[in-house]
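Undergrad: Can you keep this structure in mind? I'll have questions shortly.
The values are calculated or read from the model by the stated rules, or taken from the named source; none is laboratory data. Nothing here was measured: the structure is a model prediction, and the numbers come from that model. For neighbour counting, all protein chains shown are included, and Cβ atoms are generated from backbone atoms with ideal geometry for every residue, glycine included. All accessible areas refer to the heavy atoms of the entire protein, side chains included, with ligands and DNA or RNA removed. Shrake-Rupley method; radii C 1.70, N 1.55, O 1.52, S 1.80 Å.
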Amino acid sequence: MCALLVKQGWQVAPLFIDYQQRARAAERRAAHRIAMRLELPPPIVIAVTGLGGKRLTLIGGHDGARGRIEAPDLATAARREFVPQRNLFLLTLACIVAYQHGSQAAAIGVIGNDGTRQHRYPDIVPSYLAAAGRLFGRSQDIRILAPLLRYAKSAVVQLGERLHLDVELTYSCNTGPRPCLTCASCVERILGLAKFYTRDIRST
Ligand SMILES: [Zn+2]
């Protein structure tokens, strides 16, 4: 998302929010790697304590360390891993940081799907984000951006290649410091990479 925003001409200040999610260490390292690669300032870090309840810290609903890999069921995994209000909460913090920095917009990196299924989560549909934008706009002069919302995972991989950003710099797993290969994010990443590279191989 940062690479796309830079390409679009935005001056980007990356933000990393540690809300005690299981993969926070790996996500934070990835955020730093990407900021360095794009020659952006290091991510502003906000740490939120007190959200470490079971439903949040055990996001994914299983222990990735067990190494048990089952046939991926994206819909089931997505249902299991949904945290209500999380994106609204992250956007709220981003809007506060934007206000502090005099920024015109706050961006969130939610992605779409392949266009054949409905969005997996109720808070990443365009109407939800538009409603959030209207709500934030009632007390702040701010735009809410979701530049990857029209991209499926495979299209995000393709976009990264086009913007010369190695997908290996990113981190997607919801469950911990190593990809579990079974959570919704891992499954989507695997399917997205497979779809992109299959198409890529076929087109050569
Ligand atoms: Zn995972």
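Undergrad: For Val48, what accessible area in Å² do you get when you roll a 1.4 Å probe over the heavy atoms of the protein chains, rounding to the nearest 10?
TA: Per-residue accessible area (Val48): approximately 30 Å².
Undergrad: For the residue pair Gln85 and Arg138, what label-to-label distance in nm results when each label sits 7 Å from Cα along the Cα-to-beta-carbon direction?
TA: Going by the 7 Å Cα→Cβ label model, 1.6 nm.
Undergrad: Note the full-extension length gain between Asp18 and Ile190 as 0.36 nm times their separation in residues minus their Cα-Cα distance, in nm to one decimal.
TA: Gain on stretching Asp18 to Ile190: 59.4 nm.
Undergrad: How do Thr76, Thr182 rank by accessible surface area computed with a 1.4 Å probe, from largest to smallest?
TA: From most accessible down to least: Thr76, Thr182.
Undergrad: Around Ala132, under 13 Å between beta carbons, what's the net of Lys plus Arg minus Asp minus Glu among the other residues?
TA: Summing Lys/Arg as +1 and Asp/Glu as -1 gives +3.
Undergrad: Ordering Arg143, Arg79, Arg86 by how much accessible area each has at a 1.4 Å probe, largest first, what is the list?
TA: The residues order as Arg79, Arg143, Arg86, largest area first.
Undergrad: Leaving ligands, DNA and RNA out of it, work out the accessible area of Cys173 with a 1.4 Å probe and give it in Å² to the nearest 10.
TA: Surface open to solvent at Cys173 totals about 0 Å².
Undergrad: Pop the C-beta distance of Arg178 and Val48 into the FRET formula with R0 = 35 Å and round what comes out to the nearest 0.05.
TA: Efficiency, from the Cβ-Cβ distance: 0.90.
Undergrad: Compute the length gained on full extension between Val97 and Val167: take 0.36 nm times their separation in residues and subtract their Cα-Cα distance, giving the result in nm to one decimal.
TA: Once the chain is fully extended between Val97 and Val167, it gains 22.5 nm.
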